[in-house]
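Novice: My questions will all concern the structure given below.
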Amino acid sequence: MAAQPEPSAVSAPAGLAASAEPLVRFSGVQKTYDGSHLVVRQLDLDIRRGEFLTLLGPSGSGKTTTLMMLAGFESPTAGEIALDGKPITRTPPHKRHFGMVFQNYALFPHLTVGQNVAYPLTVRKVAASEQAGRVAKALGMVRLQGMADRHPAQLSGGQQQRVALARALVFEPQLVLMDEPLGALDKQLREHMQIELKELHRQLGVTFVYVTHDQGEALTMSDRVAVFNDGVVQMLAPVGQMYEAPSNRFVAGFIGDSTIVKGTVRAADDQRCGIVLPDGRVLTGINVNGAAVNAQVEACIRPERIVLHRDAPAERGNVLQARVSGVIYFGDHLRLLCALGEGQAEATVKLPLAGGAPPQSGDTVWLELPHELTRIYTL
């Protein structure tokens, strides 16, 4: 499956032309460790200058292997990786001059913060007279001024992660690679660091390539997201398109929440699709994958896009009667669990807290699934 969507479907990050030569290009890259199972299959992927690209997917999907090949810690079994149009497939890691940030920080405990940050400069034989200024500048970027003389053990987890980031930025790389860098932090600190990283990226204009399995993290921080599964990029797109218009059933299920209804196609064209449920009810929606008549399909819609009616609406198009089976309080919204009938999974509906008294378990409700927001996928 091609890693690249149609050019018209992908917008460039601010200030970048969509037609600009990519900073990094993967061409036909494959990776196997045992000679039979491909961890990465025929990867064709362009990374644009100055963008924040996230490689997202479940464990074993190939995202981390892709990052390690880009870093030079793994070698492709086949294909080429180019930087600025020049092959780097056989270039050792220390000559690629990429910044790296890992989940475990990888700080030297016996060195001070300043010495840790200066380490890449020392390795590159930058003059000592220049190092102090560059270290101070890097620590200022991550708001750790005045902490150069402390040791890592004297810092919080979030501060240690900032030191690791400063070390990755101090030698002014054109590319920063991050492998689950926030995974060891608690939820509140992780969310705070997501905002800080995104703002730092905006200020610096450096290309970030970020690996995570956290869908919310990917949507919060990225310009574009590449969703991996089974060694293949299932979709590559800006975050808004990734969430609102998933290209296949895997992406729809992996990115965010979806309410899913199973049925059989009774009418279809290139754009729209009408399906009949086992109990005879009918839905229409966008025919994403070209489903044909009599195909078994799933209709997917985001829970916040479902319109809840307490009484049967006069216009019954794309409306399903349901029974509330549970109400869950999430702090900033409510989620209703609604039984749709035999053979269907429970529907999830997100309701704002300001919407008045919610239905209670056992209540009958009507769920409207807007045609233009209901996407139908082949199985």
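The values are calculated or read from the model by the stated rules, or taken from the named source; none is laboratory data. Worth saying up front: this structure is predicted, and the values here are computed from it rather than measured. Cβ sites come from the backbone with ideal geometry, for glycine too, and all protein chains shown count toward neighbours. To get the accessible areas, we keep the full protein, side chains included, count just its heavy atoms, and leave off ligands, DNA and RNA. Shrake-Rupley method; radii C 1.70, N 1.55, O 1.52, S 1.80 Å.
Novice: Just checking, does the range 231-247 include any residue being more than 16 Å from the chain's Cα centre (by Cα) and on the phi > 0 side of the Ramachandran plot?
Specialist: First, pick out the residues of the range 231-247 that are more than 16 Å from the chain's Cα centre (by Cα): none.
No.
Residue by residue, here is whether (1) farther than 14 Å from residue 310 by Cβ; (2) touching a Pro at 6+ places or on another chain (Cβ under 6 Å) holds:
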{"site": "345", "(1), (2)": "yes, no"}
{"site": "349", "(1), (2)": "no, yes"}
{"site": "352", "(1), (2)": "yes, no"}
{"site": "355", "(1), (2)": "no, no"}
{"site": "358", "(1), (2)": "no, no"}
{"site": "363", "(1), (2)": "no, no"}
{"site": "370", "(1), (2)": "yes, no"}
{"site": "374", "(1), (2)": "yes, no"}
{"site": "379", "(1), (2)": "yes, no"}
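Novice: Right, here's the next one. Quick one: residue 361 ticks every box in (1) out of contact with any Ser or Thr (no Cβ under 7 Å at 6 or more places or on another chain); (2) more than 21 Å from residue 291 (Cβ to Cβ); (3) in a loop (DSSP other than H, G, I, E, B) except a single one, so which number is it?
Specialist: All conditions are met except number (1).
Novice: So residue 138 fits all but one of (1) outside any helix (DSSP H, G or I); (2) open to solvent by less than 30 Å² (accessible area, probe 1.4 Å); what number is the exception?
Specialist: (1)
Novice: Here's another thing I want to ask about it. Can you run down the residue pairs with Cβ atoms below 8 Å, 6 or more apart or on separate chains, where the first is in the range 259-270 and modelled with pLDDT under 95 and the partner is outside any strand (DSSP E or B) and among the hydroxyl-bearing types (Ser, Thr, Tyr)?
Specialist: Cβ pairs passing all conditions: none.
Novice: Counting only residues that are open to solvent by 60 Å² or more (accessible area, probe 1.4 Å) and either closer than 26 Å to residue 101 by Cβ or in contact with a Leu (Cβ under 7 Å, 6 or more places away or on another chain) (or both), give me the helices (runs of 4 or more DSSP H) lying completely in the range 171-283 with at least 3 of them. Before the answer, list the steps.
Specialist: Numbers: elements: 187-204, 215-221, 239-244, 249-254.
Correct list: 187-204.
Novice: Additional query: Residue pairs, Cβ under 7 Å, 6 or more apart or interchain, first in the range 229-249 and under 19 Å from residue 378 (Cβ atoms), second open to solvent by 20 Å² or more (accessible area, probe 1.4 Å) and in a helix (DSSP H, G or I). List them.
Specialist: From the range 229-249, the pairs are 229/250; 234/250.
Novice: Residues in the range 52-63: is at least one within 17 Å of residue 207 (Cα to Cα) and β-branched (Val, Ile, Thr)?
Specialist: Yes, there is a match, as at least one residue in the range 52-63 is within 17 Å of residue 207 (Cα to Cα) and β-branched (Val, Ile, Thr).
Novice: Further question: If we keep just the residues of the range 198-229 that are closer than 26 Å to residue 172 by Cβ and aromatic (Phe, Trp, Tyr), which is nearest to the chain's Cα centre (by Cα)?
Specialist: So the residue we want is 210.
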